[in-house]
Amino acid sequence: MSTATERSAKERWEQEVAQAKPRPQPPTTVSGVPIEPLYTPESLPDFDYETELGYPGQYPFTRGVHATMYRGRLWTMRQFAGFGTPRQTNQRFKFLLEKGQTGLSTAFDLPTLMGLDSDDPRAVGEVGRLGVAVSTLDDIRQLYDGIDLEQVSVSMTINAPAIVIMAFYLANAQNRGLDWQKLRGTIQNDILKEFHAQNEFVFPPEPHVRLVIDVIEFCTRHVPQWNPVSISGYHIREAGSTAVQELAFTLADGFHYVEQTMARGLAVDDFAGRLSFFFNAHNDIFEEVAKYRAARLLWAETMRHTYGASKEASWKLRFHCQTAGCSLQDKQPEVNLIRVAYQALAGVLGGCQSLHTNSMDETLALPTEHAVTLALRTQQVLAYETGVTNTVDPLGGSYFVEALTRQMAEEARRYFDRIQQEGGVIAGIESGFFRREIAEAAYAYQRDVDAGRKIIVGVNAFTEAEEKPIEILVIDDTVEKEQIAALRAIKTARSQEEVRRHLDAIRRAAESGENLMPVLIEAARARVTVGEAMNAMADVFGRYEGAAKW
Amino acid sequence: MTTPPIRIVLAKIGLDGHDRGIKVVARGLRDAGFHVIYAGLWQTPESVVRTVADEDADWLGLSILSGAHMTLVPRVLHLLRTAGLEHVGVIVGGIIPESDVPKLLDMGVARVFGPGTPIPEIVDFLRSSPRRTPTPSVS
Amino acid sequence: METPREILELVERFRKRDRHALSRLLSLTARGEHLDVVRRLVQEHPAQARKDGQHPERVAPVVAVTGSPGVGKSTLVGRLIEALRQEGRSVAVLACDPQSPLTGGALLGDRLRMPSRPDDEQVFIRSLATPGGRGAIPEHIDLMVGLLKGFGFEWVILETVGAGQGETAVHHVADVVVLLVQPEAGDDIQWEKAGLLEVADVIVVHKADLPGADRTEAQIRAMLNLPGLSGPREVPVLRVSSARQEGIQELLRVLEERVRQPRGLRVSAKSRLRALVQDRIQQAIESMGSRAEELAQQWQEGGLSDDQVLREVLAAAEKSLSAPFAARPDESAR
C-alpha cells in the first residue's frame, strides 16, 4: 500500500475521480459533447499563444476583433421589434430608443418575409402578427418616420425579399434627402440558412443567392457603411443543430457568398469588411464562448489564406448575438429571465458586437412592453454591474475554454470537408444534407430531454402543478383590415401603366443577369409592391418547393 | 390479430416555416410505431383536409407558430366536418397562448401541446384516445 | 373492424365514386380485412370496361417507379402527375416507403413532393408503409391498384424503394417498370445495379442536369448490351431533369408506347436470367478451344461424369468474370 506522498498529485486525483459516483445526467454540453472532469496544461499539447490566440484586434482575432473590446465601447443593445402596422412599430421603436436602446432591429410579418402583400389570400390571419407588415414604399416611410437614419443604425431581419426591402429603404432615404454614404445598418439577406433551417425562401437556391450578391455588390459601391448580409447561424441552431453545426454551416455559407461575390469581379478586400454574422447564444456558456472564438479564428484564417484578403477588416468576424429562443419554455415563463441572463453572459464573454436578449414571454406570444424592458435591463445589468466588461476575453487562457475552442474549430473543419464531398453548399441543400443533419440533432436532443439525460427546469424537473398565467400581448384583429385598406388605396391611386413598365423592367433585369437593385429602387417609387416585384422575379427564376429529404 | 398502426397526418398550416418541432414529433411518433404522413410546410386548411381524406388518417396534427391559429384551426375543423371526417382527431402544437387553449378545445381540438412537450406525452395521449370509426354514411 | 352492413355501404358508395369510400377500402385492403369483398369489387371493373369496348389492359396503365433512396422518385412522380393533368388525365399514386422492422413505425413523406390541388378530384395520393424492409411492396397491392382502376383513375403510379425482393410482384402488378438512376460521382456503376437493370422496362437517368449524366447513360447502355441482358426487346434509356422540367414529356410518350406493347413480347426476369447463364456457358465452352472437344469426347465415352465435366466448364466461365467488359463476345459466338 503506497502512501499519499509516494503517488503524484495527478494519480491521487485520478483515483479519487475513478471512485466518485457521478450524477445521473452525463456531463455533456447542450450539444451532447462529452466534457472531461478537469482540463490541465496537458489538454493543450503544443499550445502556442501567439499563433492560436494573439492579441485582441490582431490576427487571428480569437480573443476579439477590437483591441480594447468593451473597455472602449460596449456592445450595441439591439432589441428586435415589430408588430402590427408600420405606425405601431414606429411607436415601439421610439419607446425603445427612449429606454436607452442604441440601435433598431426590425421584425417583419410572415407575409412580408415570404414576399407576399398584405392582401394576398395566403396572408389571411398573419398580417402584422409576428412583425410589421410592409408592402409598399409608404409602409417603409411610416416605419422609420421621425427617426434619424443617419444617426441610428437600423437592422432589418428579412431574407427572401431582402433586395426589394433594401430598395424600398434606399428609395425612402433618397426621398428624405439622406445621404446613402451615411446610412448605417444591416439587412439579414442570408438566404442559405433559410434553405437549411427556416424555410423562408421563394426561388431556387441559385437565383436566390444571386439576389444576395446583387445587394452585396450594390451596397459595396453605393452604401459603404451598410452591412449587406448578416450570415446567420442563429436559425440553424434554433432548428435544432448542435453548436458545431451552427458554426460550420454558417461559415460555409459565408465562404459561398465570398466566392460568389468575387466571381462578380469584386476584390475580396472591397466587400469582406462589411460581411457580418449572427450567432445564437444557448444555455451552455463555455460551449458558446468556444464557438464564437473558433468562429473568429476560422474566418480569419480562411479569408487570409484561402481567399487572399490582405486588409485586417476583411479578416475580422463581427457578429450580432441573440439569446436562444428555442431554450425558452412555456412552463414557469419567468424562469426564462434567468436563462436569458446566462445566455447573454455567454454572448458577452464571447465578444459579440451587438446583442438581443429575448423576452420571457416569447413562447407564449409577442413580448409585452414589460417583458421587453426586463430583457433590455438584463443587458444593462450585465454591462454596468457585473464587471465582465473590465478586461478583454476574460476566459482566454482557461485550459477548458482553449481546449474546447480548439476542438470546436477542428470539428468545423471536418464539416467543411464533408460539405466539399457533398459537392458544395448548393448541392448540400439540394440533397437535403444540411436539413438532415440538423433534424437528426434536434431529435437526439429531444430524446435526451425525454429520457431525463438532460434536465430542463420546470419541464422535466422542478415542475409546478399550478401555473400562474402571465400577461401577454394581444394583436388587434383590426390590423389586417387597416393594412389591406391602406394597400388597396395605394394600388388604386398609382399609375397602372407605370407599374406594368417597371415589372417588365424587373423581368428583363432578372433575365439578363444585371444587378436588380437599380430597377427595384425605381419600381419602389412607382409603388410597385413587394408581392408584385417578387412575382415578376418568380416569372424568370421559378419557385422552389424545398429540398427532397428532410 | 394485432391492431393496425395508428395513421397520423402531420402538417404545418400557414406561412411559418419553423419545422423543428413537427419534424421531431414525426420522428418520435415513427419510433413509437405510428405511421406518420408528413404533409409538410405551407399547407392550407383545404389541402390538409384533402390529405387526411385520401390517407384515411386517424389523426391530424397541426403545427402553428405564427399566431394565426385562431384563424386557421377553426377553418380546418369546419372543413373536416363538411367533408364527413369528424371522426378524425385533431391535435395542435406550437406557440398557443394559454387563453386560446380552451377556445380551441371547445371548437373540437382534442389537445394542444406547447413547445418542448415530451414525445411520450403525445404518444400516450394518442394511444389512450379511443379510435373512432367514421360515421357509416354521408349525405 | 367494420360490420358487414358498413362494408356493403362502403361498396355502394365506392360504386357511386365516393372518394372517402375508396380511401377507406384501400385501408381495409392494406390491413388484409374484407379481402373477399374487395376482390369481387375489383373484378367488376374489367367487365365494365369491356362493355365500353375498351381492352381492359389499356384502361389504366400501371407504372412502377423504382430506384434507390434519394434518386428523386417522388419528385419525378410529381412531374408525371403535372404532365398527365395537363393532358386532362386523372392519376392515382401509391407511394410506398419501408416501415421499421422493430417498431412497425414509418415516416411517409413522399406526397410532399407531389402536387395535389385540394380542389382537383383527378389526383389521388396514398402513402403506404411496406413491411419487410427495402425492396418489398405491400401485400395486396394488386387489389389496391384494382380499386384505383375501378374507381376510374386513368393512370396508376406505384412508387417503391428498390425492386429487389419484390421484383416479381412489381412485374405482376405493373405494366411498365421504370428504374431511376442518377449520375454517379464514382468511376463505374456498381455491379449490384446490374441486377436492378434487369427488372426495368424503361431506365431514366434522373437529375440529368448534374454533371456525369452522359457518362452514366453510356455506362447503362454498355451494360444493357451485355449478352443476356439485351434479349429480344429494347430497354429505352432516357435522361430526365425534374429540376429543369426536361424530358418529362418524352418519358410520358415512352410509357404510353410501352403500355401498348402486348404482354407476350415482354420477357420475365427469370427467363432473362436463363438467357444470361446460357450465353455465359456457351462462351466458356468456346474459350476452352480444343480442350472442349477432348472433354466432350471423354464425357461421351463415359470417362468423365456429368459433374466433372460441368465443374471444368464452370471453372472456365469463372475466369471470364474478372474482366466483365473485356469479355464481350463477338457476335458470331451467339
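DSSP loop (so not H, G, I, E, B), at most 13 other Cβ within 10 Å: list which GluC sites (Glu not before Pro) in segment C:75-144 pass both filters. For GluC sites (Glu not before Pro) across segment C:75-144 that sit outside H, G, I, E and B with at most 13 neighbouring Cβ atoms in 10 Å, the list reads C:E87, C:E121.
Its Cα gyration tensor gives segment A:20-80 an equivalent ellipsoid. The semi-axes, each the square root of 5 times an eigenvalue, are 32, 22, 9 Å from largest down.
Across peptide A:361-374, how many C-beta atoms of other chains are within 10 Å of each residue C-beta, on average? Show your work: numbers first, answer last.
Numbers: counts 1, 1, 8, 8, 7, 3, 0, 0, 0, 0, 0, 0, 0, 0.
What the average comes to for A:361-374 is 2.
Atom-type composition of the exposed protein surface of segment A:135-188 places 36 percent of the accessible area on carbon and sulfur (1.4 angstrom probe).
Largest accessible area first, the residues A:I236, C:I137 order themselves as C:I137, A:I236 under a 1.4 Å probe with ligands, DNA and RNA left out. Taking Cα centre as origin and charging only the Cβ of basic (Lys, Arg, +1) and acidic (Asp, Glu, -1) residues, the dipole magnitude of chain A rounds to 740 debye. Each pair of Cα atoms in segment A:13-136 enters the Kirkwood radius, and Stokes-Einstein at 10 °C and 1.306 mPa s then converts it into a translational diffusion coefficient of 79 µm²/s.
Cβ neighbours within 10 Å, averaged per peptide: list A:18-24, A:304-310, B:110-116 in order, most packed at the top.
Working: A:18-24: 7.6, A:304-310: 14.3, B:110-116: 19.6.
Ranked by mean Cβ neighbours within 10 Å, highest first: B:110-116, A:304-310, A:18-24.
Think of segment A:12-71 as a dipole: +1 on every Lys or Arg Cβ, -1 on every Asp or Glu Cβ, centred on the Cα centre; then among A:T40, A:Q58, A:V17, A:V17 lies furthest on the positive end. Note on segment A:151-224: Rg/Rh from Cα positions, Kirkwood definition for Rh, rounded to two decimals, is 1.00.
Screening chain A for whole DSSP H helices of 20 Å or more along their axis (Cα) with average Kyte-Doolittle hydropathy at least -0.5 returns A:205-222, A:243-263, A:285-305, A:335-349, A:369-384, A:478-493. When every Cα-Cα distance of chain A is counted in 10 angstrom steps from zero, the calculated P(r) takes the values 3, 17, 28, 27, 15, 6, 2, 1, 0, 0 percent. A straight chain from A:S310 to A:T478 at 0.36 nm per residue would run longer than the Cα-Cα distance by 55.1 nm.
Inside 10 Å of the C-beta atoms of A:444-456, what's the mean count of C-beta atoms belonging to other chains?
Mean partner shielding for this stretch: 3.
Amide H contacts for A:T186 (H built 1.01 Å from N in the peptide plane; partners 5 or more residues away or on another chain; cut-off under 5 Å): A:V154, A:S155, A:M156, A:N227.
If contacts are Cα pairs under 8 angstrom and at least 6 residues apart, what is the relative contact order of chain A in percent? If you can, show how the numbers build up before the last one.
Details: 963 pairs, mean separation 103.9, N = 550.
Computed value for chain A: 19 percent relative contact order.
Start at zero, step by 5 Å, and the Cα-Cα distances of segment A:161-308 spread as 2, 9, 19, 20, 20, 15, 10, 4, 1, 0 percent across the bins.
Taken across both chains, chains C and B shield about 2600 Å² of accessible surface from a 1.4 Å probe. One equal scatterer on each Cα of segment A:128-172, no solvent, Debye formula: the resulting log10 I(q)/I(0) at q = 0.31 Å⁻¹ is -1.41.
Sorted from longest to shortest, the spans of the Cα atoms of the protein assembly as shown along the three principal axes equal 104, 83, 68 Å. Where in segment A:327-353 does the amide nitrogen come within less than 11 Å of the point 7 Å from the Cα of A:V449, taken along Cα to Cβ? Label zone hits: A:327-331. Annotation: amide H-H contacts under 5 Å for C:L108 (H modelled 1.01 Å from N, sequence separation of 5 or more, or interchain): B:V36, B:I37, B:Y38. Computed from point charges on the beta carbon alone (+1 for Lys and Arg, -1 for Asp and Glu), the dipole magnitude for the protein assembly as shown about its Cα centre is near 1220 Debye.
Can you give the alpha-carbon Rg of segment B:6-51 over 2.2 N^0.38 Å, where N counts its residues? Display every interim value, and only then the final one.
On the way: Rg = 10.6 Å, N = 46, 2.2 N^0.38 = 9.4 Å.
The value comes to 1.13.
Note on segment B:29-139: the C-alpha convex hull projects to 7.1 nm² when averaged across all orientations. Using a simple spin-label model with pseudo-atoms 7 Å out from Cα toward Cβ, A:E497 and A:A461 lie 7.3 nm apart.
Within chain A, the cysteines lacking any other cysteine Cβ closer than 4.7 Å to their own Cβ are A:C219, A:C326.
Greater than 29 Å separation of Cα atoms is the criterion. Which listed pairs, A:K21/B:K23; A:K99/A:K291; B:K23/C:K16; A:K291/A:K311, meet it? The partial results should precede the final answer.
On the way: A:K21/B:K23 37 Å; A:K99/A:K291 31 Å; B:K23/C:K16 38 Å; A:K291/A:K311 24 Å.
Distance filter (> 29 Å) returns A:K21/B:K23; A:K99/A:K291; B:K23/C:K16.
The values are calculated or read from the model by the stated rules, or taken from the named source; none is laboratory data. Since the structure is predicted, the reported quantities are computational estimates derived from the model, not experimental observations. Note that each Cβ is placed from the backbone with ideal geometry, even for glycine, and that neighbours are counted across all protein chains shown. Ligands, DNA and RNA are stripped out before the accessible areas are found, and what is left, the full protein with its side chains, is counted by its heavy atoms. Shrake-Rupley method; radii C 1.70, N 1.55, O 1.52, S 1.80 Å.
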